[in-house]
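Below is one structure, written out as structure tokens, with a few remarks after it.
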């Protein structure tokens, strides 16, 4: 379990500490850094389970493979006066896993440099990159792996990706960042017959009235592949397509019968995607953008109730999400709401809603969404009431 996450000079987050419970929902204006919080946590924790391709295995190891291209350090560091960024996650037992990265600079080192650490104030392991010994990296990451820190998924689900027919060559398929792969996962669960699909059906029916059973069906898809062709000693790449059997799915609807995925509402698809992720092979940490997206206020409330039930059944699970909906917040505890605000040259700031000076008094007659609607975000950076 994570007790907090901290960010220094990471985009808008110049010096931000995020306290964490089991369920955490970030609220605030657009472009204030809510998604950046999820991004930073995911960047750090996915290093634990990252398996770079052979061509990416260079002298800066996993961090060098991750922080490259569009995610290069110089693009992520707060502008204009910061020379490095730092990300850290603190576990409930006090152990810390963190990363500090500094991009290569003219006249300086030829490549980015990184320092990673894991442990408590008594016993702490460090990894400095570029490395002198390649064996240092697997030795260092053994501790974070055993602590389960790599068990994380970040989601920003899209209806089109969730509804799409899908083909997977993986032994155990998974739902991807945007929802791609849902059809393959449902097909896998239908064949597994361990009760998970039935649990997903019950959950969906609770959140979206009218939904009943789910079934996965075969789908013929064309898969494009690149093949290397040798002619007279020269290699060429040619695009070829082949027919494969993938999966599609339908949901039985009261009074309508079986409805194909591409005819389901966006809210139904988003709810189904999230339910599937937390029910099937659930990670320890789920990072979710737009928890309330496309859901009716009543469905938002039912979704929160469902997530509480999942959290009760899975004591290892934590959820960090973003939202703009006071209706959803009304179903939360005041300490589960984290309010974000712009803080001028200091970037962004955040505080738990229960830290507002009038939270205790107003909380006696206002629900969290109502309280947030009343007090807004200005107090976060100003310290006022």
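A few points about this structure:
- The C-alpha atoms of segment 175-280 occupy a region whose extents along the principal axes are 64, 26, 24 Å, arranged from largest to smallest.
- For the chain, built as a Gaussian network whose Cα springs stay under 10 Å, the top-fluctuating residue of 233, 267, 191: 233
- Each of 264, 202, 87 was scored by other Cβ atoms within 10 Å of its Cβ. Arranged with the fewest first, they read 202, 264, 87.
- When its C-alpha radius of gyration is set against 2.2 N^0.38 Å (N residues), segment 71-115 gives a value of 1.37.
- Comparing mean-square fluctuations of 136, 262, 289 from a GNM of the chain with C-alpha springs under 10 Å, the top value falls on 136.
- Highest-first packing order for the peptide set 171-177, 245-251 is 245-251, 171-177, based on the mean count of other beta carbon atoms within 10 Å.
- Taking a ≥ b ≥ c as the square roots of the eigenvalues of the Cα gyration tensor, the chain is oblate, since a/c reaches 1.5 or more and a/b is not larger than b/c.
- Working from Cα pairs under 8 Å separated by at least six residues, relative contact order for the chain is 18 percent.
- Alpha-carbon Rg with Dmax, taken over segment 245-375, Å: 17.7, 60
- Highest average packing first - 7-18, 159-170, Cβ atoms within 10 Å: 7-18, 159-170
- Kirkwood-based shape ratio for segment 56-179, expressed as Rg/Rh from alpha carbons: 1.03
- Candidates 351, 134, 284: whichever shows maximal mean-square fluctuation once the chain is modelled as a Gaussian network with Cα springs under 10 Å: 134
Values quoted throughout were computed directly from the atomic coordinates according to the rules given, and no laboratory measurement underlies them. Note that the structure is predicted; figures quoted are calculated from it, not measured. Every residue, glycine among them, receives a Cβ derived from its backbone with ideal geometry; neighbour counts consider all protein chains shown.
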